[in-house]
Amino acid sequence: MQIGTLLDYSGGFTDTIAEVAEMERAGVDIIFVPELYSFDAVSQLGFIAARTSTMKIASGILQIYTRTPALTAMTAAGLDYVSGGRFVLGIGASGPQVVEGFHGVKYDAPIGRTREVVEICRAVWRRERLAYSGKHYQIPLPSDMGTGLGKSLKLINKPVREKIPVVIAALGEKNVALTAELAEGWQPTLFLPEQAERVWGDALAAGRAKRDESLGPLEIFANPTLAIGADAEKYLRSVKPHLALYIGGMGARGKNFYNDLAQKYGFEEEAEKVQDLYLAGKKEEAAAAVPDDLARAINLIGSESYIRDRIAAFSAAGVTTLNVNPLATSSAGRVQQLSLLRGLVDEVCSRKREGEASF
């Protein structure tokens, strides 16, 4: 099991980047850089590539609507080049609030567009002359849709790899099935290991049935918040505003992926209450209404012995990377949390291997 973390540069990228080398030394395998309506992720990823040597760097995520598929492919190939083959392309549909509200682009056909983006990216990385006729993208653009002067071109540079790993952020059943079929990795949000098979098992099985063996096993990237310590339980309260935002405020009533997910996990009444309060402007009350059991189950917050058990639960659910957000008030504290997690993960995985060997 690998360890990842998300780079939060909202307070200033130059301040945050100083931690990255320490994280690498602490055993962090991969670092994700988000792209919301903040600074772009690509410039930050290039900077990180220059400051690291072994850590993989990943977009977490590039939205499929905000770049053409060919530009996404070019960007991924460029980042893979400057990092010496360490880039992971994380993509996703995001949501209409950002796509339409900030970028002014219509949010439509996320599943179909995701498939076509991945297929086009892989053709570009193979340096094929790009000729793609899909439902959503036609390359070159047909003459009746443009000037008629477009030519089929191939990437000038030779990529470091023609198979750059693709990780898709997905929650809905059809999108999860597509991910299991098409991508190297799946990044679910608010992953609850004990409920994963019940909620996503059928979708994952449907996708894997169509999966090309050359892709290898599907990697799963969970995103728990991390706090290890005898008094770590106090941090449960601090993760609830974030959960309330997603469960209550990400989307309209009846069109909130995260609220639907919480209900599928068995928190129907609680999810509805959180949404009612959040949409009424009562954000503090909404956060207080997030169930302790939900906040505890999807995160890694507790004593070392408790975290060992939760690591084992995530592993049993198929998680291959714990992409954590360490809660600490200082850079040294965050690095220490990651180092502690590295040790616990290695211990749990070693015990698992010994158990399999004895069996």
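The values are calculated or read from the model by the stated rules, or taken from the named source; none is laboratory data. Since the model is a prediction, treat every value here as computed from it, not as a measurement. No Cβ is skipped: glycine too gets one built from the backbone with ideal geometry, and neighbour counts run over all protein chains shown. Ligands, DNA and RNA are stripped out before the accessible areas are found, and what is left, the full protein with its side chains, is counted by its heavy atoms. Shrake-Rupley method; radii C 1.70, N 1.55, O 1.52, S 1.80 Å.
Couple of notes before you dig in:
- Those residues of segment 266-317 which are among the hydrophobic types (A, V, I, L, M, F, W, C), in a loop (DSSP other than H, G, I, E, B), closer than 13 Å to P241 by Cα and open to solvent by 20 Å² or more (accessible area, probe 1.4 Å), in sequence order: none
- Some residue of segment 97-114 being open to solvent by less than 10 Å² (accessible area, probe 1.4 Å) and in a loop (DSSP other than H, G, I, E, B): no
- Enumeration of residues in segment 20-45 that are out of contact with any strand residue (DSSP E or B) (no Cβ under 9 Å at 6 or more places or on another chain) and more than 17 Å from A93 (Cα to Cα): A21, E22, R25, F39, S43
- Listed conditions (1) without any contact (Cβ under 8 Å) to a residue 60 or more places away in the chain; (2) more than 17 Å from the chain's Cα centre (by Cα); (3) surrounded by fewer than 22 Cβ atoms within 10 Å (Cβ to Cβ); (4) under 26 Å from G101 (Cα atoms) are all met by Y246, apart from (2).
- Condition broken by R86, with the remaining ones in (1) under 27 Å from G46 (Cα atoms); (2) out of contact with any Leu (no Cβ under 9 Å at 6 or more places or on another chain) satisfied: (2)
- Filter pass, V117 being open to solvent by less than 10 Å² (accessible area, probe 1.4 Å), within 17 Å of V167 (Cα to Cα) and under 19 Å from the mean Cα position of the chain (by Cα): yes
- Subset of segment 338-355 that is open to solvent by 20 Å² or more (accessible area, probe 1.4 Å) and in contact with a strand residue (DSSP E or B) (Cβ under 8 Å, 6 or more places away or on another chain) - its residue that is farthest from V239 (Cα to Cα): R342
- Filter pass, A227 being at pLDDT 95 or above and not in a strand (DSSP E or B): no
- For first residues located in segment 162-187 and assigned to a loop (DSSP other than H, G, I, E, B), partners that are among the small types (G, A, S) and lie 6+ apart or on another chain with Cβ distances below 8 Å form the pairs I164/A76; I164/A77; P165/G185; A170/G92; E184/G216.
- Boolean, V28 is touching a Phe, Trp or Tyr at 6+ places or on another chain (Cβ under 6 Å), within 27 Å of Y258 (Cβ to Cβ) and part of a loop (DSSP other than H, G, I, E, B): no
- For segment 249-265, a residue qualifies if it is in a loop (DSSP other than H, G, I, E, B), open to solvent by 60 Å² or more (accessible area, probe 1.4 Å) and in contact (Cβ under 8 Å) with a residue 40 or more places away in the chain, and exactly one does: M250.
- Those residues of segment 230-242 which are open to solvent by less than 20 Å² (accessible area, probe 1.4 Å) and of a type in the set (G, A, S), in sequence order: A232
- Looking only at residues of segment 69-96 that are surrounded by fewer than 16 Cβ atoms within 10 Å (Cβ to Cβ) and among the small types (G, A, S), we find that the one that is farthest from the chain's Cα centre (by Cα) is G84.
- Filtered residues of segment 38-57 (kept if open to solvent by 20 Å² or more (accessible area, probe 1.4 Å), at pLDDT 90 or above and of a type outside the set (G, A, S)): D40, V42, F47, R51, T54, K56
- Residue selection: N325 satisfies the criterion of being open to solvent by 60 Å² or more (accessible area, probe 1.4 Å), of a type outside the set (A, V, I, L, M, F, W, C) and closer than 30 Å to R208 by Cβ.
- Counting only residues that are over 30 Å from L277 (Cα atoms) and at pLDDT below 95, segment 291-331 holds 2 of them.
- Subset of segment 190-212 [open to solvent by 20 Å² or more (accessible area, probe 1.4 Å), out of contact with any helix residue (DSSP H, G or I) (no Cβ under 7 Å at 6 or more places or on another chain) and either under 26 Å from G95 (Cβ atoms) or in contact (Cβ under 8 Å) with a residue 60 or more places away in the chain (or both)]: Q195, E197, R198, D202
- So A328, is it in contact with a helix residue (DSSP H, G or I) (Cβ under 8 Å, 6 or more places away or on another chain) and not acidic (D, E): yes
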